[in-house]
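Undergrad: Structure provided below as structure tokens; questions to follow.
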Amino acid sequence: MTKLFITRHGQTAWNIEGRLQGQKDSRLTELGEKQARWLGESLKDVDIDLIISSSSGRAYRTAEIIRGNRKIDIVPNNNLMEMNIGEWEGQLHTEIEEHSPDQQRNFWNFPHMYKPRGGETFYQVLDRASNEIEKIISEHEGKNILIVTHAVVLRALITYFEKKDIKDFWNGTFMHSTCLNIVDVGKDIRTFILQGDISHYQE
């Protein structure tokens, strides 16, 4: 049985400011680094064979902190980067609401209707994330793999594994920073045994 431990990066400066990050980047906050350490501590007795991280700085730094002093390779992966949200990247939610209210509403409430300006659709992110996760599974059969990614990609993987429609993309457990999701992978099964868990938070 292959086991996937999938998490989101720690809190960032732009998360605090209310800016959409997408494939742009901002540093982890002090709390974001703590969140990564807490998750690392909770996984200290788990035999992780490999860490595969989004190549974005915030995700890769989260992976490094989770790893701590353990001798585990971290492999950066461009296909696990966050959704490309085009012109919105780096903008405040309030700014987007002012100039693109209809598409902002679609993004959060009707993802199947969202049409980006220069970025990806939810369908494209789902294709990218699902193709990459199947490649990872096939190349690392029988291993425990930690994957560090982003909120939209994480929700895309949940949508894929649970065979949900894009219109239901945002339904379900909220994906907090460094929340832990565990998936058991067999020949024809993909089963969540934990989803959106933040029991490792210490404050």
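Throughout, read-outs are computed from the coordinates displayed, never taken from laboratory work. Bear in mind that the values here come from a model prediction, so they are computed numbers and not experimental data. Here the Cβ is made from the backbone with ideal geometry for all residues, glycine too, and neighbour counts use every protein chain on show.
Undergrad: Given 94, 149, which one is touching a Leu at 6+ places or on another chain (Cβ under 9 Å) and of a type in the set (S, T, N, Q)?
TA: 149
Undergrad: Are any residues in the stretch 52-80 surrounded by fewer than 22 Cβ atoms within 10 Å (Cβ to Cβ) and in a loop (DSSP other than H, G, I, E, B), and if so, which ones?
TA: Listed by number, the residues that qualify are 55, 68, 69, 70, 71, 72, 73.
Undergrad: Which members of the stretch 81-108 meet the condition of being buried (at least 16 other Cβ atoms within 10 Å of the Cβ), in a helix (DSSP H, G or I) and touching a Lys or Arg at 6+ places or on another chain (Cβ under 9 Å)?
TA: Answer for the stretch 81-108, where residues must be buried (at least 16 other Cβ atoms within 10 Å of the Cβ), in a helix (DSSP H, G or I) and touching a Lys or Arg at 6+ places or on another chain (Cβ under 9 Å): 88, 103, 106.
Undergrad: Look at residue 20 and say whether it is in contact with a Phe, Trp or Tyr (Cβ under 7 Å, 6 or more places away or on another chain) and farther than 18 Å from residue 70 by Cβ.
TA: Yes: the conditions hold for residue 20.
Undergrad: Please verify whether residue 193 is within 16 Å of residue 7 (Cβ to Cβ), touching a Lys or Arg at 6+ places or on another chain (Cβ under 9 Å) and free of Cβ contacts under 8 Å to residues at least 24 places away in the same chain, treating the condition exactly as stated.
TA: yes
Undergrad: Right, another one. Looking only at the stretch 93-115, decide whether some residue is of a type in the set (Gly, Ala, Ser) and touching a residue at least 24 places away in the same chain (Cβ under 8 Å).
TA: Checked against the condition, which is being of a type in the set (Gly, Ala, Ser) and touching a residue at least 24 places away in the same chain (Cβ under 8 Å), the stretch 93-115 yields no hits at all.
Undergrad: Tell me which residues, restricted to the stretch 149-178, are more than 15 Å from residue 21 (Cβ to Cβ), among the hydroxyl-bearing types (Ser, Thr, Tyr) and part of a loop (DSSP other than H, G, I, E, B).
TA: Within the stretch 149-178, 173, 178 qualify.
Undergrad: If a residue must be of a type in the set (Val, Ile, Thr) and either touching a residue at least 24 places away in the same chain (Cβ under 8 Å) or closer than 15 Å to residue 124 by Cα (or both), how many such residues does the stretch 160-178 contain?
TA: Total meeting the criteria: 2.
Undergrad: Here is a follow-up. Can you pull out the residues in the stretch 56-70 that are within 9 Å of residue 40 (Cα to Cα) and of a type in the set (D, E, K, R)?
TA: Residue satisfying the conditions is 67 alone.
Undergrad: Can you pull out the residues in the stretch 179-191 that are part of a loop (DSSP other than H, G, I, E, B) and β-branched (Val, Ile, Thr)?
TA: The one that is part of a loop (DSSP other than H, G, I, E, B) and β-branched (Val, Ile, Thr): 189.
Undergrad: With the requirement that a residue be part of a helix (DSSP H, G or I) and loosely packed, with under 15 Cβ neighbours inside 10 Å, what does the stretch 109-144 give you?
TA: Once the filter is applied, which keeps residues that are part of a helix (DSSP H, G or I) and loosely packed, with under 15 Cβ neighbours inside 10 Å, the stretch 109-144 yields 109, 112, 123, 124, 127, 131, 134, 135, 138, 139.
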